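I have placed the structure first, in the form of structure tokens, so that the comments after it can refer back to it.
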Amino acid sequence: MDHVSSLPDEVLYHILSFLTTKEAALTSILSKRWRNLFTFVPNLDIDDSVFLHPQEGKEDRYEIQKSFMKFVDRVLALQGNSPIKKLSLKLRTGFDSHRVDGWISNALARGVTELDLLIILYTADYYLLSSKYFRNLVTLKLNSVRVDWLAAGDIFLPMLKTLVLHSVRLCVDKYFFSALPALEELVLVSVNWGGKDVNVSNASLKILTVNYNICLGTFSVDTPSLVYFCFTEYVAIDYPVVIMKNLFEARISLLVTQDQIERARAPNIDWVEDDVVLRLVNMEKLIKGIRNVQYMYLSPNTLEVLSLCCESMPVFNNLKSLTLKSHKSRGWQAMPVLLRNCPHLETLVLEGILHHVTDKCGYACDCVSREEKGCSLTSCPVKVLEIKGFRGTIKEMHMIKHFVNYFPCLMETNIYIEESGPPKLRVPQVCEFIAEMMEHYGKSSSFNVQLLVGGYLYKKWTAQ
């Protein structure tokens, strides 16, 4: 028996809502009962690549494009005025903008609350999106479109909670984000700002992701409710306002060139005269703005740039967990000051420990021979140390021993080795080194070392 067909219509609509519109339409051939069921599905998921098979070169065939457009027109006509919750429209092969306008307007007029658009036209660089019928939107995701809402007058989206902009050319005024009173998540990826200053000001925003934006002027953030901040970005001209009082987690990954790094390392640099270096120095304003964070990740570039801000490094009183990613071409000059300014740090995660050796990093590591080496570690209260991306070199093993000796409150060290490690890696030799280190462990407190290979516990040592 066909038990599925005996289910109520509402249940079948819900099942079909998990399929693309093309897949749902294919069920119409099953029986008379299924013939028009797909037209009542509250979600429209239309992707031209599913119809046109661009990998086979069919996207260039006019007749196939024409057939696709007729399919969309027919689906919308069959649905009539039935309500729609979600419209996902992905057009990569170029269609007439007026026809696309008609499809979007049809869906929005029927109460769409979630709109996901990727539109690439042959006739223009970007599809120009109107704001008509947008007041009911809860989720808006835009890819490869142009948003010019300055000419549209006042924009007010009272119900919008999620806004994702990817490869969008954005033209809005500085009060745009504050006109979204319900906004909780904002994602800005590869947005072309046209050299304008960016002001993300919103009282309700909780999640903010800013990645790879283009033509960014100054960057200001006034988000008192923000709990998560991810910033993978080129250095802005300045950061005039940075307010994140309730921040819980921050991930900062600066995008800088080798030339910028070399100019920052140059002795006796004139920050006022060198605009590039001045931009890097201005990063201290962003770092001060996230000082209330509890979990923080810094990329190798970020850690290097922070060396220019050591004298004004804020105190991270709330920071519990710090993750630092290392690279052999980037320095640890900021590490000593950073660790001293984390008075309540409990967990330190080092994603790699090989780095560019400088005179200043010797206060935190074993790279430079000096009497004061390790002095910045002795005031750090970290209890758990995690070493990721461990390659098993002698230098790395001596670095681990250095950390174990100088962190006074350390109770646990976890060393992660990937299964696909380089040929120089010898797990038995690492085990011998750890065993010898534990034999000479001179502290009175209990201390554990765990070696994990491929994510699984390989061996554990305990010193009493």
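Considering the range 246-287, and only residues there that are surrounded by fewer than 20 Cβ atoms within 10 Å (Cβ to Cβ) and modelled with pLDDT of 95 or more, the residue that is nearest to Thr223 (Cα to Cα) turns out to be Asn246. Scanning the range 37-55 for residues that are modelled with pLDDT under 80 and open to solvent by 60 Å² or more (accessible area, probe 1.4 Å) turns up at least one hit.
Among the residues making up the range 308-331, those that are open to solvent by 30 Å² or more (accessible area, probe 1.4 Å) and either outside any loop (DSSP other than H, G, I, E, B) or of a type outside the set (A, V, I, L, M, F, W, C) (or both) are Cys310, Glu311, Ser312, Asn317, Asn318, Lys320, Lys325, His327, Lys328, Ser329. For the range 220-241, filtering for residues that are under 29 Å from Gln258 (Cβ atoms) and open to solvent by less than 30 Å² (accessible area, probe 1.4 Å) leaves 10. Selection within the range 422-455: residues that are modelled with pLDDT of 90 or more and either open to solvent by 30 Å² or more (accessible area, probe 1.4 Å) or in contact with a Gly (Cβ under 8 Å, 6 or more places away or on another chain) (or both). The member of this set that is nearest to Pro381 (Cα to Cα) is Asn448. I need the full set of residues from the range 196-219 which are assigned to a loop (DSSP other than H, G, I, E, B), surrounded by 16 or more Cβ atoms within 10 Å (Cβ to Cβ) and of a type in the set (S, T, N, Q), in order please. Passing the criteria: Asn202, Asn213.
Within the range 150-165, is even one residue assigned to a helix (DSSP H, G or I) and at pLDDT below 85? Write out each step before concluding.
Step one: of the range 150-165, the residues assigned to a helix (DSSP H, G or I) are none.
No - not one qualifying residue is present in the range 150-165.
The values are calculated or read from the model by the stated rules, or taken from the named source; none is laboratory data. Not measured: the values here are computed from a predicted model. We place every Cβ from the backbone using ideal geometry, glycine too, and count neighbours over all the protein chains shown. All accessible areas refer to the heavy atoms of the entire protein, side chains included, with ligands and DNA or RNA removed. Shrake-Rupley method; radii C 1.70, N 1.55, O 1.52, S 1.80 Å.
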